[in-house]
Amino acid sequence: MDGPPAKYFTSHKFTRADTLRGALRPERTSFDVTYYELHLEVNTEARSIEGRVEMDYQVVAPTGRIQLDLFKNLKIKDIQQNGQVLRYERIDNAVFIDLPAEPAAGSRHRMSIRYGGTPVAAKNAPWDGGFVWALDQRDRTWVGVACEGTGASLWWPNKDHLSDEPDSMLVSVTVPKRFFVASNGNLRAEVELDNRYQKRYDWFVSYPINNYNVSLGIGSYVHFDSTYVAFDGEVLDLDYYVLDYNLDKARRQFRQVGPMLAAYEHYLGKYPFWDDGFALIETPYLGMEHQSGIAYGNRYMRGYLGGGLPPGMDWDYIIIHESGHEYFGNSISVADHAEMWIHESFTTYLEALYVEYRYGPKDALRYLAMQRPYIRNEAPIVGPPGVNFDDFAGSDHYYKGAWILHTLRNVLNDDPLFFGMLRSFYQDHQHSIVNTQQVVDYFSRFAERDLTPFFRQYLFHPAVPTLEIREKAGQVEYRWRTDVAGFHVPVGVFIGSEAVRLDPTAAWQPMGGGFSAKDVRVDASRFLVDLEIVK
């Protein structure tokens, strides 16, 4: 399956840095990272970091050179393997490391990188990545970090490409002892150092994790916990790390977690990172889907900072959306930012399914109707590969993507089929990396119809399908106008007040007589298509 036509991206100027970050070359594909240890000391006064990364990797193909990534504003002190200092070359934010000898395929090694400096400060996290150095309401230091798109290499050296996730990871952070550090996974150790003014917090992630999902929160946190009982009776640990003065608010707001987990379990299956538990960590920015440690900054408000929900609904957007990414984004991940629609579209549709589970189908349609005005149709929602593409027009890879899935549900017109397909796709691909072709192939096989033209139109072209209507010889006729051939997709319309299901192709077909073209309208609550009356 080809990608979107290049003509849609002629205004984008890609640089050497984009290719170094986004492309897979032998220096990257020749090895597979299996484990990271990130040892970090954070100086909250100087806003600087000193760190060491231990990286375990397996050689996939013989190579004398590998590429890691670290932002050039951070200094590398040395890189070692087996006690030997290695030579390296820095080009933009890429680090090319010369190995002492060409290792054999299948061999395993550990590399150590010591580094430090002042990391990039985020201008507008989480959309603009970096460290967030903030003060809480009591003028105490409060630190967070978000780096999706910008890259985890803005604060620690790693193979900064989505195609390679470590199987597990240790995050060990040392801070002044008046602070608590919350991170991903389970807290293994909390150790006061011999100097008596610092503490070290060791967090361990036991599942594969995207590099950008590794994060931390530093602040005056308090902890409380709860549990969720799955449909099969298994108990999931729920942990919450919030600023001390927000404890009562958090206890009330986070009651939403259990019903949300039940909704997602209903549609997809059990929470995917069971052994690491589920956690929310209060942050000085809006939120982010950090695996097993969701960043929460919605200020304990309804919807999205108090808005964005239809009347009669009361739920927290950040809790529902970012937690949905545990399924699509964290458990199922993509290998290239160009295909982030798989993360965002499925998760955004999960919001509507959560509403459907909790409030009912009519309210789900009301919620989807609120999303629709944000769809701009200005560019494809799949970008060009190999350049770390993160410049999507508007939010179409969220809202349009959700509406593509909603439209597909109504094209199939068979909810057991659609929900069976959605659940089976997730179950068969959890804890793995997928691409657009796999989604299309799987859905086509499951639905027993070729959905390639459907997805090619909606994903690779800005315009949605247009249902053309005309009057000819006393009859109303209809057909599809699309950018792709073979687009043979049914659609629901109303003729006056009567609901009718049409089966258009690229050829004109009669709809009937006794009414005019102006009497026809698309069922806009279920189908993302345009309608145009032509002569």
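Details
- The overall shape of region 248-358, judged from the alpha-carbon gyration tensor, is rounded, with an a/c ratio under 1.5.
- Beyond 22 Å in Cα-Cα separation lie the following of the pairs 75/159; 7/159; 159/199: 7/159; 159/199.
- Dipole in debye (nearest 20) - region 350-401, about Cα centre, beta carbon charges: Lys, Arg +1; Asp, Glu -1: 300
- The chain: relative contact order in percent, alpha carbon pairs under 8 Å with at least 6 residues between: 11
- Counting neighbouring beta carbons within 10 Å and listing from fewest to most, the residues 443, 204 come out as 204, 443.
- Per-residue HN-Hα couplings for region 220-226 [Karplus 6.51, -1.76, 1.60; θ = phi - 60°; Hz; x = Gly/Pro]: 8, 7, 10, 10, 9, 9, 7
- Under 25 Å of direct C-alpha separation, and excluding same-chain neighbours fewer than eight residues apart, residue 472 reaches these lysines: 518, 535.
- Helical mean residue ellipticity (222 nm; -39500 (n - 2.57) per DSSP H run of 4+; nearest 500) of the chain: -6500 deg cm²/dmol
- The phi-based Karplus calculation (6.51 cos²θ - 1.76 cosθ + 1.60; θ = phi - 60°) puts the 3J(HN,Hα) values of region 150-155 at 4, x, 4, 5, 6, 9 Hz, whole numbers, x for Gly and Pro.
- Cα gyration tensor shape of region 466-533, rounded if a/c is under 1.5, else prolate or oblate by comparing a/b with b/c: oblate
- When both bridge partners sit in the chain, DSSP labels roughly 80% of those beta bridges antiparallel.
- GluC sites (Glu not before Pro) restricted to region 248-336 and DSSP loop, no more than 11 other C-beta within 10 Å: none
- Other-chain or far-sequence residues with amide H under 5 Å of residue 528's (modelled H): 407
- Loop-resident sites, region 1-78, for GluC sites (Glu not before Pro), counting at most 11 other Cβ within 10 Å (DSSP): 45
- Around the Cα centre of region 466-533, unit charges on the Cβ atoms of Lys, Arg, Asp and Glu (plus for the first two, minus for the last two) sum to a dipole of about 40 debye.
- Protection proxy ranking of 434-441, 337-344, by the mean of other Cβ atoms within 10 Å over each peptide's residues and highest first, is 337-344, 434-441.
Bear in mind these aren't lab numbers, they're just calculated from the coordinates by the rules spelled out. Computed from a predicted model, the values in this text were never measured in an experiment. So basically every Cβ, Gly included, is an ideal-geometry build from the backbone, and we count neighbours across all protein chains shown.
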